[in-house]
1. How much FRET efficiency would the formula 1/(1 + (r/R0)^6) give for B:LYS214 and A:ARG159, where r is the Cβ-Cβ distance and R0 is 35 Å, rounded to 0.05?
2. With the alpha-carbon atoms as the only input, what is the per residue convex hull volume for chain B in Å³?
3. Can you give the angle from 0 to 90° between the axis of helix B:299-308 and the longest principal axis of chain B, with both taken from C-alpha atoms, to the nearest 10?
4. Hydropathy at least -1.0 by Kyte-Doolittle, axial extent at least 27 angstrom from the Cα trace: which helices of chain A, defined as entire DSSP H runs, fit?
5. State, to one decimal in nm, how far the label point of B:ASP261 lies from the label point of A:TRP175, with both points 7 Å from Cα in the Cβ direction.
6. Give me the net charge for the shell around B:ALA385: Cβ to Cβ below 14 angstrom, other residues only, Lys and Arg +1, Asp and Glu -1.
7. Can you give the convex hull volume per residue for the Cα atoms of the protein assembly as shown, as a whole number of Å³?
8. If each residue of separation counts as 0.36 nm, what is the full-extension length gain between B:GLN164 and B:ASN510 once their alpha-carbon separation is subtracted?
Amino acid sequence: MLGFIFKRLLQSILVMLAVAFITFGLFRFVGDPVNNMVGQDTTLEEREELREQLGLNDPFVVQFARFTANAMRGEFGQSYSLRIPVSELLRERLPATLELSIISAILALVLGMPMGIYAAIRRDSWLTKLFLTSSLVGVSLPTFLIGILLILIFGVMLRWLPTFGRGEVVYLGWWSTGLLTVSGLKALILPSITLAIFQMTLIMRLVRAEMLEVLRTDFIKFGRARGLGNRALHFRHALKNTLIPVITITGLQLGSIIAFSLITESVFQWPGMGLMFIQAIGNADIPVMAAYLVLIAFIFVAINLIVDILYVRVDPRLRVSGGKK
Amino acid sequence: MKKTSKLLSALAVTTMLAAPASAETFKFAFQGDMPGLDPHSLNETFSLGFWGNIYEGLTQRDGNLALKPALAESWETTSPTTWLVKLRQGVKFHNGNDFNADDVIFTWERTQTEGSDVKARGGLISAIKKIDDYTIELTTAEPQPVLMEEMSFVYIMDKEWAEQNKATEAANIKDANNPGYATNHANGTGPFKVVERKAGVKTVLERSDNHWNKDIATNVTRAEFTPVKEAATRVAALISKQLDLVWPVPVQDWQRLEDADGVRPLAGPEARTIFLGMDQGRDELLYSSVKGKNPFKDIRVRQAFAHAINLDAIKKKIMRGAATPTGLMVAPQINGFSAALNTPYAYDVKKAKALLADAGYADGFSLTMDCPNNRYVNDEKICQAVASMLARIGVKIDLLAQPKAKYFGKVLAQNGYDTSFYLLGWTPGSIDSHNVYQNLLSCQNPDKKMGAFNLGNYCNKRVDEITSLMGSETDPAKRQALIDEGFKLVQDEVGYLPLHQQPLSWGAANNVEVAQRADNILDLRSVVIKK
C-alpha cells in the first residue's frame, strides 16, 4: 500500500510539472500584462524596463524554470492587478471556493442518490419520469444560464435571496466562513444550487443505471430466492454494489466542481478562486493564472489519489493486486 | 495581517459608535478593482477616482470638471516657470497628523520613485522650495500652463506616516515579496477613510470626522465598494436594491432600468473621444491587399473613408442615441474645445466612391482592422458597423476584434505599432487639449516622448511646432488660437477619423443623487441619499 501511494505521488509531481509547462506555453497568447499595469502617460522605456524586470522578456524555458523553482518554495510572486502576493490571495480565496464546492457536492449527493435509487426501484412511476425528464434539462442547460435564471427569479422578481457576493463572513484563523452568519448562508443558496444541478442529475442518472444493472445480476436473484425482503435486497446488497462507480465519479466530480466553479463564481461574484482566475485572464495576470492552474492540477491529482485508496478499501479484489504492486 | 484586521475592526467599532444618527450606507459597484490603495501606483481613471475619496491633491475637480482649490488654497505664477502656492491650513490626515509643506515635498519625491506610475505628472515639477510651513514655490523646467490641472491627480501623502510604515517609495510591483504598506493601508486628507480592504472583493470607506471641508454635499457615512465583473449580475443587483449605484451598465440594459421600479439609468456625455486611426507612416501597409505603396498616404483615400462612415447611423443603431458624433479629437468638456470646428465629415457615399476611384482604387482593396472588444462602449459593434459601411465603397475589412489585453499588446508602441487601421478612445487626463496634441497628434518621437499613442504616425511639422508652443503659451487667447490652428490642420488633412464621444452609462437607485462627471469618476463628495 505504501509503495502504491509513493508511486502515485511521484506520478502526481510529473503531472503537475506537465500542467505547469503547458500553461506556461499558453501565457504567450493572453496578451501583454504590462499595459494593464501602467497608465497611458507611462513612457515606452518605463514599460520596457518593467517587462525586463518582471522577466517577461526572458526565454520561455528560463521563465518556466524560475516559476518552478519559486513554486517549489511556495512562492508564486505578486499579482499584477491586485498587487498582493499570490499565496496570500489564494489563501483568501480558497475557503470561499471550497465551501461553495463542498456544499454543492453534498447537495448533489443528498438529492441525487435517493432520486437515483427511487428511479431504479420504481422504474415506471410518474415521479421517475419526472425526475428523468427534468434531469435532461439540468444536463443540457449551461451553468451560466441557470445562474442568471435563478438570479432573475429569486433575486430580482421575488427578492428573497442575495444575488452576489458571500454575505458576512466570520474568520476562524485565516479561514473565512460564511456558514456561521445568516447573510452568509443566504448568499450560499443560489450559487450552490446552480453549481449542484449538473452534478445532481449526473449522480442520479449514474445511480439509477448502476442500480438497474446490479438488480439484474444473479446474486440479487439468489437473494430474492432465499426470501430476503425488498428493503434488505435493495439497500444492503444492491446499493452497496452500485457504490464503487458512484464513489469514483463523485470524487472526480468534486475536482471538477472546484475547477469549474469559475462560471458560477463569476455569475454570482462569489469571491473564490474561480472568479479570481477569470479576472486574472482579463488582466493577463500571469502569476495568478499560473498559481491557480497548478493548484487545480494538484487538487485533481490529490482527489484521484484518495479515490484510488478508497477503491482499495471498498473493493477487496483490488486489494490483492493493488497492494502487491 | 490578523493584527491589522483586528485593529481595523476596532477602528470600525469606534467609528460606528461615533457615527451620527442619520447614518447612510452607500453600496456601489464597478466592473473591476483598483490595484490596492497606494495612490501613486497606477495612473488609471477608475483607481484615481476611487483614491480621490481618500486622498486629495493640491487641486480638485468639481462635478462639472471645473478646477477647484483643494489642499492648495491659492496659487499664482511669479514667472513662466515658477508658481507660488499657498497651502490650506488646519488640514489633518486621517491619523490626526497635520498637513503641511513637508508632505507636499515628500509626495513629489515619492512620485519619482521607481514603482510610481504618476512620474510624468510629478516630473512636470523640477524643484519645490519650502518658504514656510504653508507656502511653497514650485519650479518647472519648462513653462507649464496647466500645471495645477495636472496636480489634481497627484495625491498628497503624509510624510510621517509613510516614514513610520516604510512606505516612502511607491508600491513596486517588481518587488514580489513586498507589496508595500500603502497597498493595504491608507492615510489621506480626504472625506473618507478606509476601514476594510479585501483585494478584489470589498473595500469599505467611512466618513472622516476631521475633514477640512464642511460644505461637501454628501450625507454618506459608510460606503461599501464591491467589484462585480459580470454586467448582468451588476444590473440585477441594482434592480433588486442590493446596490445603490453601479457602472458601467450595458447600453442595451437602459430600457430594463427604466422599466424597473426605483432605479434609473444615468447617461451623459463622457469626455472620451472614440476615433479611428490609419497607418500613414509606413511605405506599405502591414495588413492590406495593396502592395508596394500605402493607400493611406493619399489624402483622397483618407477623405473617402471619412465620407463613407455614417456617424448618425452608429449613434442611432449601436449607441441607442446616446453618443455625440464629433468632428474634433476632444470633447466639449476639454479645455481647448472649439464648437466652431466641431463639424463631422459629411456622410456622402457617392463622393467617397469618387475619391477612391480618383486615387486609383476604383475596385477598392482589403484591409485588416484592429479593434478591442471589451474596452469601450460597444467597441466591437462599432467596428462591425464601420466595416459594413466601408464595404459599400469597395473596401473589404477583415475585422480582428480582441480583448483589450491582446489588442493593446498588439497595436501599441512596445509591439512596434503593429496595425494598419484601428479604433481607439482617448480622454486627456489633464482635461486639456495639450495632452491630445502630445500623445495623438504629434509625430512619433520616442526621444521627446511625443506621439506615443499616434499609432498610425500621422505627422505634420506645423502640428509638432504648435504642440511645443502650446505647452509654454500662458496667454489663454493665444493658446486657444494655436489649438484651433492645429485642430484645423488635422481635420483638413484627415489625420484621424473622429467618431463620437461615448456615453457615460451608470445605473442608480432613485433616491441617490450624484454628480455624474464626464471623466467617468464617481466622487463620493457629491453622493446624497434622499429619504
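1. Working: r = 38 Å, r/R0 = 1.08.
Calculated value: 0.40.
2. Numbers: hull volume 78.1 nm³, N = 531.
Taking the convex hull of the Cα positions in chain B, it is 147 Å³ per residue.
3. 70 degrees
4. A:2-26, A:86-121, A:182-215, A:239-267, A:286-314
5. Here the modelled spin labels are 4.2 nm apart.
6. On the way: positive: B:LYS315, B:LYS316, B:LYS317, B:ARG320, B:LYS381, B:ARG392; negative: B:ASP312, B:ASP379, B:GLU380.
Charge balance in the 14 Å sphere: +3.
7. Details: hull volume 168.7 nm³, N = 856.
Looking at the protein assembly as shown, the number lands at 197 Å³ per residue.
8. Details: separation 346, 0.36 × 346 = 124.56 nm, distance 4.45 nm.
Full-extension gain reported as 120.1 nm.
The values are calculated or read from the model by the stated rules, or taken from the named source; none is laboratory data. Keep in mind it's a predicted model, so treat the numbers as computed, not measured. Neighbour counts are summed over all protein chains in view; Cβ atoms, including those assigned to glycine, are modelled from backbone coordinates with ideal geometry. Ligands, DNA and RNA are excluded from the accessible area calculation, which covers all protein heavy atoms including side chains. Shrake-Rupley method; radii C 1.70, N 1.55, O 1.52, S 1.80 Å.
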